[in-house]
1. Net charge near K7: determine it from the other residues with C-beta under 14 Å of the C-beta of K7, scoring Lys and Arg +1 and Asp and Glu -1.
2. For T226, enumerate residues with amide H under 5 Å from its amide H, sequence gap 5+ or separate chain, H modeled in the peptide plane.
3. What is the distance in Å between the Cα centroid of segment 1-50 and that of segment 128-167?
4. How far apart, in nm, are two points set 7 Å out from the Cα along the Cα-to-Cβ line at D130 and at N234?
5. Near the amide H of I102, under 5 Å away, which other amide H atoms are found, from residues 5 or more places off or on another chain, if H is placed in the peptide plane?
6. Where q = 0.15, 0.26, 0.31, 0.32 Å⁻¹, what log10 of I(q)/I(0) comes from the Debye formula for segment 132-172, counting one point per Cα?
7. For L254, what charge total do you get from the other residues with a beta carbon under 15 Å from its beta carbon, if Lys and Arg give +1 and Asp and Glu give -1?
8. Order these peptides, 169-176, 12-19, by their mean beta-carbon neighbour count within 10 angstrom, highest first.
Amino acid sequence: MTVVAWKLYIGTILLEAARHAKDKHPSYRVSEWIAHFAAAGFDGMELWEYHATLAGTEEQNALIASTFPIAVFNSYASMDAEGRADRVRATEFARRLGARAIKFNVGKDTSKRGVYLAALRQWRGELPKDICLLCECHPGSIVEEPAEAKRFFDDAGIDGWGVIVHPLNRLESLQPWFDAFGPAVRHAHLQMRQDDRTVVRFDERPERARRAVQIMRNSAFDGSCTFEFARGMNAPGENIDDLLANALLDLAFLKEVLRQ
């Protein structure tokens, strides 16, 4: 059997109780969990930016010193003039942490499309060439739909970028993303939803998971995936140990599907 060589990352936001809190102050130190991530078989992590930017110097240094890859720096910098300082900061942290990609989002205001494009061009021009910009084409943003996203990047006229898809919770629109972008689909955020709020394990909707993997294989996807959320998120009694345990079950399930 051939195993698809996708890189599989743990999103540090997955375990973060403050993921949707207003002040974003981290509830745990990522460095204290890296050994667990490595032992579980993850290839690296996608670091929620606040796990570095709002951490103390000791924690920042521990992350920098770690040999476990921080593959993606998950930034929330806005793509306008107000977000300029945050973009500069994201660049600096990505460099210091050895990240090979920065995740970003485009805004939702269609009247600011030109502003977003200008910010993206400027950011790309200032980044090291070996750091890729990954656009999470999020619902509610002006690049929510594949056709609009394709026009946006055609107009941007830059290199060193890719898009992020959501194969499990947005399965119905997955194929159009590959039709529009082909190999520019470089990354995936994985979370399985039962409804808008409830996250479930992959093995609770196995055929949906297998269908997503098949579409990605048929589209020659050879990028990376981040386990973004897991069962237990926003549930009564949410705790870090159960979240990680469910993420590991999802990891095992996906690896088994990829062996088939």
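Rule-based calculations on the coordinates, nothing more; no lab input. Quantities reported herein were computed from a predicted structural model and do not represent experimental measurements. Here the Cβ is made from the backbone with ideal geometry for all residues, glycine too, and neighbour counts use every protein chain on show.
1. On the way: positive: R100, R186, K255; negative: D43, E46, D222.
Combined, the nearby Lys, Arg, Asp and Glu give 0.
2. Here Y9, A188, H189, L190 satisfy the definition.
3. 23
4. Those two pseudo-labels are separated by 3.9 nm.
5. F73, C132, L133, L134
6. -0.36, -0.97, -1.20, -1.23
7. Values: positive: K7, R201, R205, R208, R210, R211, R217, R231, K255, R259; negative: D43, D203, E204, E207, E228, D250, E256.
Result for the local shell: +3.
8. The most tightly packed comes first, giving 12-19, 169-176.
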